[in-house]
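Novice: First, the structure itself, so that you have it in front of you.
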Amino acid sequence: MVDLIELIDGCLLGDGCLALRRASGWRNARFGFASTRSLTLLKQLQSWLEYYGFRYQIRDIGTDYQQLVTGLDPFFTAMWRRWYRNGKKTIPQDVRLTPLSLLLWYLGDGTISNDKRKWGKSELYLASVWPVEEAKFLQQKLLDEQDLHFGLVRRKTYRPEHYNLRLSRSDLSKFFTIIGTKPPAWVPELSYKWEVFYQNPKNFC
């Protein structure tokens, strides 16, 4: 079974969230993760959370937009204290950048493109909602722990004060070796994120 903290970290690096609830007197938190593209990703998260005994529900919150929400639990309260400062999501110093957490981050907020105008080379981004200092922290931690070289690219539209992480083209093969060179069978609708790897593996040499 997956490591629960790695699961939470991978989700929180993207669109996952933790929230204290008024019903608990603001003492207990719950976990939430929304997806516009992959109900099966939510189903897999549900399966893992169910294994650990957490209560949950998947609900529609808009057209083609679903959200997994757990019940209140002391574990999520501890994770909230780890991930939030003054009520704002902040990268913890001990964030786990493992194959699982990177996979979940890529599935949730990663993109890859193959632009022929750039010598047929591919570019992989991990979307970030972090200000520059936190983005730099992630950049260095990815280098130290996984030997992955990322650059910082300032966002042009939504939250332009924040930065995305762009992987060095020379590390693309290494990245997919870490997260898996084949898409997980439980997210068939996200297999397109591996298409460039399959179609043109020489791009990653």
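Laboratory data are not the source of any read-out in this text; all were calculated from the coordinates shown. Please read these numbers as outputs of a predicted model, since none were measured by experiment. Cβ sites come from the backbone with ideal geometry, for glycine too, and all protein chains shown count toward neighbours.
Novice: Going by C-beta contacts inside 10 Å, put Ser35, Ser128, Ser191 in order with the fewest on the left.
Specialist: Ser191, Ser35, Ser128
Novice: From the P(r) of the range 4-89, could you give the percentage of C-alpha pairs in the tail past 23 Å?
Specialist: The proportion of pairs with Cα distances above 23 Å equals 18 percent.
Novice: How high is the relative contact order of the range 4-89, in percent, counting Cα pairs under 8 Å that sit 6 or more residues apart?
Specialist: RCO, the range 4-89: 30 percent.
Novice: A further question on this structure: If you look for lysine pairs in the chain that are eight or more places apart or on different chains, how many of them have Cα atoms under 17 Å apart?
Specialist: Close lysine pairs found across the chain: 13.
Novice: Which order do Glu195, Glu134 fall in if you start with the one that has the fewest other Cβ atoms within 10 Å?
Specialist: With the sparsest Cβ surroundings first, the list reads Glu195, Glu134.
Novice: Then there's this: What is the calculated FRET efficiency for Lys182 to Thr40, with r their C-beta to C-beta distance and R₀ = 22 Å, to the nearest 0.05?
Specialist: Given R0 = 22 Å and the Cβ-Cβ separation, E is 0.90.
Novice: Rounded to the nearest 10 degrees, what's the angle between the helix 39-51 long axis and the longest principal axis of the chain, both from Cα atoms, 0 to 90?
Specialist: That works out to roughly 50 degrees.
Novice: Let me ask another. Can you compute the FRET efficiency between Lys136 and Arg81 using 1/(1 + (r/R0)^6), with r the Cβ-Cβ distance and R0 = 25 Å? Round to the nearest 0.05.
Specialist: 0.60
Novice: Next question. Using only helices, what value at 222 nm comes out for the chain when you add -39,500 (n - 2.57) per DSSP H run of length 4 or more and divide by the total residues, to the nearest 500 deg cm²/dmol?
Specialist: Only helices count here, giving -10000 deg cm²/dmol.
Novice: How large is ³J(HN,Hα) for each residue in the range 99-110, as worked out from phi by the Karplus curve 6.51 cos²θ - 1.76 cosθ + 1.60 (θ = phi - 60°), to whole Hz, x for Gly and Pro?
Specialist: Once rounded to whole Hz, the list reads x, 5, 5, 5, 4, 5, 4, 5, 4, x, 9, x.
Novice: Follow-up. List Trp26, Trp105 from most exposed to least, where exposure is judged by having the fewest other Cβ atoms within 10 Å.
Specialist: Trp26, Trp105
Novice: Measuring from the lowest to the highest alpha carbon on each principal axis, how far does the chain reach, largest first, in angstroms?
Specialist: 57, 35, 32
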